[in-house]
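Okay, structure first, notes after.
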Amino acid sequence: MQDTAVLYFHRKELFMKLKLFPKFKGDGVILTVIIFLTVISFLAVLSSKPDKVLSHVIYIFISLAIMYGVYCIKNYIVLTKFVRLGVAVAVIMLVLSMFSGDAKSGRELEIFGFRLQVFYPIGFLVIFYISKYLANFISNGQELSTKNVLFLFLVVGGFCAGMAKSNMSTAIILFVTSMVVMFIGDVPVKYLLSLFAVIVVMTGLLFAISPDLGRLGTFGNRLDYYITQDNSNDYGTQMIWAKAAIARSLKPAGPGHGVIKKILPEKETDYVYATICEEFGVVVGLFIIFLYLVLFARSWIVARECQGSFGMLLAMGIGFWITFQALVHIGVNCELLPATGQTLPFISRGGSSMIFSGATLGLLLNISKCNNREKEEKGELKTEN
């Protein structure tokens, strides 16, 4: 027995020297949330689309690999060298998506045979850019001038307006997230309220002048159903079935035995939450909400512990962006919000959504790793020998 224990510790020491299992330095709670979401995602797709589960597993592994790669970057600050290149890439992707033909195809770009949902990288790059822009002023103790605020509003408004043509809901999520980042970044509230008022007025005028532009007509019809509950144009059918599936969550059908999911369109993407509730029950449904709230709470803690303003703004931006998208998805499935077509981050089947969720969460873990490293250097965090 003693020889076995000695052999075990020798092997453990060898693995430590070979660095096959390097000690995780990031936020363990966030990592645990990611693991739970990944497991739920696998089970949900296996139950809903068993013929697609292999490709989904591949995307999961790619996402986790990218997440780990981003986490392993020595310091996320080095990425700020590419902030201008990043926003230039975002502009190019936005322009290509706007002139790619019909509104539906405008959501995607084909790159080397891979269909890329452009609004995920665009959203992240915009958040990354405004976080860095605001951090420069905060770090130098400078106040934003009216000219600086107008420039920032032009960037946010321009991207959101371009995205609205093909995906109004994603544009709204990016706009709200940007408003939160700017509020935390000390942009005066009077300016933020003015921007909000301008966006509301411009959106109203756009609906009045050209209601059928791009996906605006679809969004308007879904909003009309949500307000009037008139389903004569069939825009509320999906939400009706989704709500019926969730109503069955008190007596779950069991994995693979859902009935409503068979007629529910996009059951593994836009309405995956309803499918999970029907088959796995209300407890799992509430647990998913809990996981996203924990993710946001930990993002806030990571942001609070950052020594620099850039890390603080970026951590909050990432945490809010992912959590807000998740809550919008769940709200739509429960018919608390108009239908949007938003996926459930790190759970819905898909390539671009899964991959970029992994990249952004890897960056969040990198920020938490850097925070812990600074604590170790200051002697505030105990480390194991």
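Values quoted throughout were computed directly from the atomic coordinates according to the rules given, and no laboratory measurement underlies them. Quantities reported herein were computed from a predicted structural model and do not represent experimental measurements. Note: ideal-geometry Cβ built from the backbone for every residue, glycine included; neighbour counts use all protein chains shown.
Using the Cβ atoms and a cut-off under 12 Å, what net charge is assigned to the surroundings of VAL259, where Lys and Arg are +1 and Asp and Glu are -1? After counting each charged neighbour, the total is +3. In this structure, LYS375 and PHE99 have a Cβ-Cβ separation that, at R0 = 45 Å, corresponds to a calculated FRET efficiency of about 0.40. Restriction of the GluC sites (Glu not before Pro) in region 313-385 to DSSP coil positions whose beta-carbon has at most 10 other beta-carbons within 10 angstrom yields GLU380, GLU384.
For region 315-385, what's the relative contact order in percent, using C-alpha pairs closer than 8 Å and at least 6 residues apart?
Averaging sequence separation for qualifying contacts and normalising by length gives 23 percent for region 315-385.
In what sequence do TRP300, TRP321, TRP241 fall when counting other Cβ within 10 Å, fewest first?
TRP300, TRP241, TRP321
Separation of the alpha carbons by more than 29 angstrom is noted, of LYS52/LYS369; LYS81/LYS165; LYS190/LYS369; LYS132/LYS369; LYS147/LYS375; LYS132/LYS375, for LYS52/LYS369; LYS81/LYS165; LYS190/LYS369; LYS147/LYS375.
The peptide list 163-171, 59-67, 185-193, put in order of mean Cβ contacts within 10 Å with the highest first, becomes 163-171, 59-67, 185-193.
Between region 129-151 and region 232-288, the alpha-carbon centres lie 44 Å apart. The length gained by stretching the chain between GLN229 and MET202 to full extension, at 0.36 nm per residue less their Cα-Cα distance, is 7.1 nm. Structural descriptor for region 36-376: relative contact order 27 percent, calculated from alpha carbon pairs under 8 angstrom and at least 6 residues apart.
Using the Cβ-Cβ distance between ILE92 and LYS251 with R0 = 51 Å, the FRET efficiency computed as 1/(1 + (r/R0)^6) comes to roughly 0.50.
So how far apart, in nm, are the two label points at PHE290 and PHE183 if each is 7 Å from Cα heading toward Cβ? Here the modelled spin labels are 2.7 nm apart.
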